[in-house]
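The values are calculated or read from the model by the stated rules, or taken from the named source; none is laboratory data. If you're wondering where the values come from, they're calculated on a predicted model, not measured in any experiment. Here Cβ is always computed from backbone atoms with ideal geometry, including for glycine, and neighbour counts include all displayed protein chains.
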């Protein structure tokens, strides 16, 4: 074993230990005394880059198979059931060069979870029957994403690079790439791949819990020492991502969903060796600036773009694409080369100016504050973060590596800017009407490739800096010092500071997390935003226009540790600010001061109206399950209508009518606010005066109004077929709602979901392979508890999914009759452990309190009431509840992509019929 010291924040109370087991497995142990659960995460330096050329998708397939039985736990559903029943969760993913597995669980069940987790990696079974089932599952996952534009564009990218680089491989896999080959079955291939790739010395493990470090070390040794170590470290990747002829090109790509984007990318080597300086992200910050005299401000003034982002792009162990992406206007699409020219003008400004040390120090100061005032995370988040970081950082920086930001060596800044050259550039133009002459493999994306004119590339390389472009000014929102409230200022519960007809303000000073941050929630109830469908559509456009205007005016705040969000809610508009409390109230004051300003140009109105309509039109191409849930929400919450109705309404809205709407929007408004975090009483008083003065300036305010809502009570079982014919997949959503709002009903619905969720998934997905997207969820709507079952399938129509679900209900009710008392107690304890979880961050606490106010829970006691109801719930009472809930005549909505089964007890209705009935409720 080896021990080394990890650099940690002075505000981090956790204890850490690094060690290496005899088999080469690197481990970080974390003692978190106040953690609600224990957690484990394991990362291995194996990903789809390692797929054999004849078996693309094999790493992804192996990730699936590891969960489906091991030597000591051969039942394919054992791990999932054990984790779920003991209050935990689990998941995994496969990336380019790494695969990642993780779970959390109640402390007292950690040993059992680790035993199963370790056995997955040391002795997987690869049972033949499940090999075939998971091959079908991979095919279903592939089919479900055939129209996913990110994957469609990704595939075009793969086909335009060096074919010898492993990035060119098809990462997901499907039935074709995972088919049995002559003399080599998929079962044989996955066993061989596991033996040739999985070795302890390629793995990193993190265990987190309230157990002492010595106990965690013993757990790591006991359960993971048997992992095999028989492979050398992987050789470095040296194959270049691009060949010379693959630079200086333009990819024209036709998307599935309507969009108009330009992506400019520059090839870099592996940037990880420069992580201590964060220079790539700093350059992205300079190019992505949205303030006055920024590249975005210049291009928006010329009506060429709506949005800009910088610094993204693929990256790996020997490559990095540095991208600058633009969302184009119609004019920008026609003149996209002018946009590229402006980008090179900004790059000229950066290369000719000296290193902007003052701006760099601003970013460094913020990162230092983030580290110094480290905010707690869940045990699971800690485990996943550190397990991944161990693959990238030296031991001392496993925690600190993400925060380390040192002044760079002289010349490194210019060296990195040197990669942003026209001869090292690729363009990607993504639009509905681009010329195409190729079709990408697997996803059938239409595209074309053309060489960029050498004369234009040379012209770009000599582009002069424009006087309209400048570096960001010193940040007026950034204070040089931050401070914490004294511990004595902590308030155990939020208190209502103001309770007036038109204004309600709640305050909670909170020192539990020892962070200089805070949150402000402000809900504006606006009767003139939600009475008609025209108002509902116009209000959404108004928010888009407001945010468009604020992007430039308030961008400095977002780079100074502050954030703001403005969004539509059912009865008006909500504003949320968060981050460092220093100057946060000033940010809110700036927002409120500018909010009533009606001066939107007709050009921006037209442009953002088109953009929003296009976004809503694209919703018809969302996953069928997502569309069905949107339809459910629209049926029961009429102030949250379907996007197709909003789109058709907005198309008809003129600029003149919009101006009339916005002049009346803020009339009769009611305000409710919550202040949580590093806020003294004086800050709450300042907020009170700010809001009172703002209301007086509007000269029109009123009382809170209830939201319109519908109920399915006394509806019986009803089948509603979706009218969208663009989807090839089938889907079914089954929604059952409580008939009353009470803590007891909430406890029963939550427990039903807790017990049924892993079983429903295992039966319909793992065993029957009816679809890839399968699950259940506790879904409260209009404050009534509810339960939803959902499944999406590329092959099986909704009636088949319905019959499978009804069969599951029937078999589950038979099984639950045999439920033993100790099993019932285990189920309850698992859910109680989840309910008893304390807030893990200030953000989580603030959101919980705000949600409670939205539900009318002014004592903030609903969770404790649910816990009490669950503790006292008798087994027979729960069984009686399930029998009533799953009875054939219970009120239930079946939302489906297909007509109802021919012989069933459900009533079939169309949307108009159902809406008419619901509107009477």
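Details
- When 330, 325, 342 are screened for being surrounded by 20 or more Cβ atoms within 10 Å (Cβ to Cβ), over 30 Å from residue 167 (Cα atoms) and in contact (Cβ under 8 Å) with a residue 60 or more places away in the chain, only 342 passes.
- Residues of the range 678-691 that are touching a strand residue (DSSP E or B) at 6+ places or on another chain (Cβ under 7 Å) and either over 12 Å from residue 497 (Cα atoms) or assigned to a loop (DSSP other than H, G, I, E, B) (or both): 678, 679, 680, 691.
- Matching residues in the range 349-376 - criterion: being surrounded by fewer than 19 Cβ atoms within 10 Å (Cβ to Cβ), touching a residue at least 24 places away in the same chain (Cβ under 8 Å) and either under 23 Å from the mean Cα position of the chain (by Cα) or assigned to a loop (DSSP other than H, G, I, E, B) (or both): 353, 355, 356, 367, 370, 375
- Candidates 290, 327, 303, filtered to the one that is touching a strand residue (DSSP E or B) at 6+ places or on another chain (Cβ under 8 Å) and in a loop (DSSP other than H, G, I, E, B): 290
- Filter pass, residue 709 being at pLDDT below 95, more than 30 Å from residue 488 (Cβ to Cβ) and in a helix (DSSP H, G or I): no
- Residues of the range 545-569 classified as within 19 Å of residue 523 (Cβ to Cβ) and touching a residue at least 60 places away in the same chain (Cβ under 8 Å), total: 0
- Filtered residues of the range 13-24 (kept if surrounded by fewer than 16 Cβ atoms within 10 Å (Cβ to Cβ) and out of contact with any helix residue (DSSP H, G or I) (no Cβ under 7 Å at 6 or more places or on another chain)): 13, 22
- The range 494-511: number of residues that are out of contact with any strand residue (DSSP E or B) (no Cβ under 7 Å at 6 or more places or on another chain), closer than 22 Å to residue 839 by Cα and loosely packed, with under 14 Cβ neighbours inside 10 Å: 0
- Test for residue 291: is it closer than 30 Å to residue 365 by Cα, modelled with pLDDT under 95 and touching a helix residue (DSSP H, G or I) at 6+ places or on another chain (Cβ under 7 Å): yes
- Among the residues of the range 768-783, just one is touching a residue at least 60 places away in the same chain (Cβ under 8 Å), farther than 23 Å from residue 132 by Cβ and not in a loop (DSSP other than H, G, I, E, B), namely 781.
- Boolean, residue 622 is free of Cβ contacts under 8 Å to residues at least 12 places away in the same chain and within 20 Å of residue 645 (Cβ to Cβ): yes
- Residue in the range 852-873 that is within 30 Å of residue 12 (Cβ to Cβ) and surrounded by 18 or more Cβ atoms within 10 Å (Cβ to Cβ) present: yes
- Number of residues in the range 816-833 that are in contact with a helix residue (DSSP H, G or I) (Cβ under 8 Å, 6 or more places away or on another chain) and not in a loop (DSSP other than H, G, I, E, B): the value is 10.
- Test: residue 582 is crowded, with 21+ Cβ neighbours inside 10 Å, touching a residue at least 40 places away in the same chain (Cβ under 8 Å), farther than 21 Å from residue 662 by Cα and over 24 Å from the mean Cα position of the chain (by Cα): yes
So that you can scan it fast, the table gives a plain yes or no per residue for (1) modelled with pLDDT of 95 or more; (2) over 30 Å from residue 374 (Cβ atoms):
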site	(1), (2)
13	no, no
24	yes, yes
29	yes, no
45	yes, no
65	yes, yes
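- Check on residue 846, assigned to a helix (DSSP H, G or I) and either closer than 27 Å to residue 523 by Cα or touching a strand residue (DSSP E or B) at 6+ places or on another chain (Cβ under 6 Å) (or both): yes
- Among the residues of the range 474-495, at least one is under 17 Å from residue 594 (Cβ atoms) and in contact with a helix residue (DSSP H, G or I) (Cβ under 7 Å, 6 or more places away or on another chain).
- Hits in the range 593-613 (condition: farther than 13 Å from residue 548 by Cα and either buried (at least 19 other Cβ atoms within 10 Å of the Cβ) or touching a strand residue (DSSP E or B) at 6+ places or on another chain (Cβ under 7 Å) (or both)): 613
- Residue selection: residue 207 fails the criterion of being surrounded by fewer than 19 Cβ atoms within 10 Å (Cβ to Cβ), within 20 Å of residue 32 (Cβ to Cβ) and touching a residue at least 60 places away in the same chain (Cβ under 8 Å).
- Any hit, the range 234-253, residues being closer than 27 Å to residue 560 by Cα and either out of contact with any strand residue (DSSP E or B) (no Cβ under 8 Å at 6 or more places or on another chain) or part of a loop (DSSP other than H, G, I, E, B) (or both): no
- Failed item, numbered, when residue 655 is tested on (1) at pLDDT below 95; (2) in contact with a helix residue (DSSP H, G or I) (Cβ under 6 Å, 6 or more places away or on another chain): (1)
- For beta carbons closer than 7 Å, sequence separation of 6+ or different chains, a first residue in the range 434-447 that is closer than 14 Å to residue 146 by Cβ and a second that is at pLDDT below 95, the qualifying pairs are 443/146.
- Any hit, the range 416-427, residues being closer than 29 Å to residue 617 by Cβ, at pLDDT 95 or above, surrounded by fewer than 20 Cβ atoms within 10 Å (Cβ to Cβ) and touching a strand residue (DSSP E or B) at 6+ places or on another chain (Cβ under 9 Å): yes
Let's see how each residue does on (1) at pLDDT 95 or above; (2) out of contact with any helix residue (DSSP H, G or I) (no Cβ under 6 Å at 6 or more places or on another chain); (3) outside any helix (DSSP H, G or I):
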site	(1), (2), (3)
523	yes, yes, yes
537	yes, no, no
540	yes, yes, no
549	no, yes, no
552	no, no, no
556	no, yes, no
560	no, yes, yes
565	yes, yes, yes
576	yes, yes, yes
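- Restricting the range 194-207 to residues that are part of a helix (DSSP H, G or I) and within 31 Å of the chain's Cα centre (by Cα), the residue that is nearest to residue 389 (Cα to Cα): 202
- With respect to the conditions (1) within 16 Å of residue 587 (Cα to Cα); (2) in contact with a helix residue (DSSP H, G or I) (Cβ under 6 Å, 6 or more places away or on another chain), residue 710 lacks only one, and its number is (1).
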